[in-house]
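Here the structure comes first, spelled out in structure tokens, and everything after it is commentary.
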Amino acid sequence: MNAVYTILLLLASNVFMTLAWYGHLKLQNMGIVSNATPLIVVILLSWGIAFFEYCLQVPANRIGFDGNGGPFTLMQLKVIQEVITLVVFVIFSAIAFGMPLRWNHFVACLLLIAAVYFVFGFK
């Protein structure tokens, strides 16, 4: 069950991370935030959202790390996190910004699958 909890926490944390990093751009497109909004305001808003990311990310890594009795090595945790980050970002960019998926995006996804194979396939 630790593997499931880890992946669910990483998934949720990456939703917050994506909103913290890129949500202000969507708010700008919607006219809620403008170019005249001071950068410090945008940074503080992003930090506020990122707080919740950390509240999920840190427990995910603690639960999942094999040094704490979890099922994943440190390298496996990082690769899982990166794959989840990119999947969440692709979904966010497609929904929030209408970004089309192109052939090179699919090739990149195949390479990510290869990265997962290599990090999990050999010990």
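The values are calculated or read from the model by the stated rules, or taken from the named source; none is laboratory data. Just so it is clear, the model here is predicted, and its values are computed rather than measured. Every residue, glycine among them, receives a Cβ derived from its backbone with ideal geometry; neighbour counts consider all protein chains shown.
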Quick one: in the range 54-71, which of the residues that are within 14 Å of Leu9 (Cα to Cα) and touching a strand residue (DSSP E or B) at 6+ places or on another chain (Cβ under 7 Å) is surrounded by the most Cβ atoms within 10 Å (Cβ to Cβ)?
Gly64
Which members of the range 74-109 meet the condition of being surrounded by 16 or more Cβ atoms within 10 Å (Cβ to Cβ) and touching a Gly at 6+ places or on another chain (Cβ under 9 Å)?
Gln76, Leu77, Ile80, Phe92, Ala96
Subset of the range 1-32, residues over 18 Å from the mean Cα position of the chain (by Cα) and free of Cβ contacts under 8 Å to residues at least 12 places away in the same chain, comes to Met1, Leu27, Gln28, Met30, Gly31, Ile32
Can we say Phe118 is more than 29 Å from Gly23 (Cα to Cα) and exposed (fewer than 15 other Cβ atoms within 10 Å of the Cβ)?
yes
Only unsatisfied item for His105, checking (1) farther than 13 Å from Asn14 by Cβ; (2) modelled with pLDDT of 90 or more, is (2)
